[in-house]
Amino acid sequence: MYRNILLIVGLLMVLLNLSCEWQSTLDAGDNPPPGPQALKVPEAYKTIQLAINAAEDGDEIVVASGTYTDAGNRDLRFGGKVITLRSAGGPDSTTIDCKGSTSKPHRAFIFMSEDSNTVIEGFTIIKGFASEADAQLKGWGGAVYCETSSPKFINCVFFRNDADFGGAVACRTASPIFENCEFNSNDATKDGGAVTAEGGARPIFRSCTFIDNEALQRGGAFNCSSASPNISDSRFESNMAAGFGGVAFCNSSSPSFTNCVAFKNTAQEGGAIYATSESNPHLVNCSLVQNTGRSGGGGLSCATNSKATLQECIIAFSTIGEAINILDVNSTPNVRCTDLYNNAGGDWVGDSLSVKAGIDGNFSADPNFCEVVLGDLQLRADSPCLENNNGCSKQIGALVGICTE
């Protein structure tokens, strides 16, 4: 009997141990390792860089409203981490002040390996400065430098940044994404008042505005060299290049502009866009209005075997220069369903361009903007550029809506 009791007790102990192990397994499943964390600046981390250093892939860094400057809040590097850096209050209340200068160049961000899952959202970035004094990166990208990387910027403002190339942003073999961003009053001592892209770069800009940016040589807003930026639903206003391309200078490049407005931009040649060296800019549903090319091409200038394409576009009211200046016969653009109207130097000017007037849906007629002097480029209900009022049955020009009378 005693032996049976011991056997029963032994079996009960084994069952108890198995039960505990089973329960431990359940408990471990019910309490998985911690997931993505929210790291707060300056509440938990004094500077943005300290928070980046502590973050792991998937984490989010939330920055309180205020102005962030000096070491730890500029020249920020992510080290390839897949994280989101966002402000709590948006760009109106959260500023990264780089305090850069000729002798002490500083940027906001330097990216070398990140992809589009690395996100920066809701900051105003000011006073970035890139110069030759920066031994590594030289004068590229006043606020942001991207090389072999593709970070995403959302709802950011770039204001009064300076560089030799790319007053605000430089993309070198890189494809960053910018959504709902503003580039205002950035300057380049050479090329690309707001942005420079080179070496196969393919940056993307969606719903952005470029205002009062300036380049002392080429590309008031954009400088493209062997690059293919994609720009859509964006507005370029009052940008200036002392040389070529008030909006964009294209050298061996194929930028794409879709549903964009270029208004009151200025350059010596190519008030909006200058294309050279076998460049192929592609414009669809764009409105180029009241731009100035002091030597020619109020809207567009094409040279050296460059083949621009204009599809459902408007070039109108250039204050100086013809609508399109063709600098060699091999640079005649492909033009379809496009309205060239009342440009100071003429509309369908030159033998190779004049033959395109009246065919393929091309014409010259007042677009009937709501208020062109004020830059309101919505169309009146009787505009020939509305799809029901032209032979192409297409919306011509930027899709900015119909004004109310």
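The values are calculated or read from the model by the stated rules, or taken from the named source; none is laboratory data. In this text, all values refer to a predicted model and were calculated from it rather than measured experimentally. Neighbour counts run over all protein chains shown; Cβ positions are idealised from the backbone, glycine included. Surface areas here come from the heavy atoms of the whole protein model, side chains and all, with no ligands, DNA or RNA. Shrake-Rupley method; radii C 1.70, N 1.55, O 1.52, S 1.80 Å.
How much net charge surrounds residue 173 when only other residues with a Cβ under 9 Å from its Cβ are counted (Lys, Arg +1; Asp, Glu -1)? Combined, the nearby Lys, Arg, Asp and Glu give -1.
Which net charge results when you count Lys and Arg as +1 and Asp and Glu as -1 among the other residues whose beta-carbon is under 12 Å from that of residue 79?
Once positives and negatives cancel, what remains is -1.
Note: region 170-267, Cα convex hull, 65 Å³ per residue.
Taking every alpha-carbon pair under 8 Å whose residues sit at least 6 apart, the chain reaches a relative contact order of 7 percent. Packing here is the average count of other Cβ atoms within 10 Å per residue, and on that basis the peptides 51-63, 201-213, highest first, run 201-213, 51-63. Shape of region 276-349 from the C-alpha gyration tensor: oblate (a/c of 1.5 or more and a/b not above b/c, with a ≥ b ≥ c the square roots of its eigenvalues).
Would region 103-238 count as rounded, prolate or oblate if I go by the C-alpha gyration tensor, calling it rounded below 1.5 in a/c and otherwise prolate when a/b exceeds b/c, oblate otherwise?
Because its axes are fairly even, with a/c under 1.5, region 103-238 counts as rounded.
Nearest 10 degrees is fine. How inclined is helix 2-30 to the longest principal axis of the chain, computing both from alpha carbons? So the helix axis and the longest Cα principal axis differ by about 20 degrees. For region 77-145, the gyration tensor built on C-alpha atoms gives an oblate shape. Its axis ratio a/c (a ≥ b ≥ c) is at least 1.5, and a/b is not larger than b/c. Solvent exposure of the chain amounts to 42 Å² per residue of accessible area, where only protein heavy atoms count and the probe is 1.4 Å.
Taken over the chain, the convex hull of the Cα atoms encloses 200 Å³ per residue.
List the relative contact order of region 234-288 as a percent without decimals, with contacts defined as Cα pairs under 8 Å and 6+ residues apart.
Reported as a whole number, the value is 44 percent.
Counted by Cβ distance under 10 Å from residue 304, the other residues give a net charge of -2, where Lys and Arg count +1 and Asp and Glu count -1. Legend: residue pairs 81/190; 127/307; 264/394; 40/152; 127/264, Cα-Cα distance threshold 27 Å; pairs beyond threshold, 81/190; 127/307. Our summary gives region 139-219 a relative contact order of 31 percent, counting only alpha carbon pairs under 8 angstrom and 6 or more residues apart.
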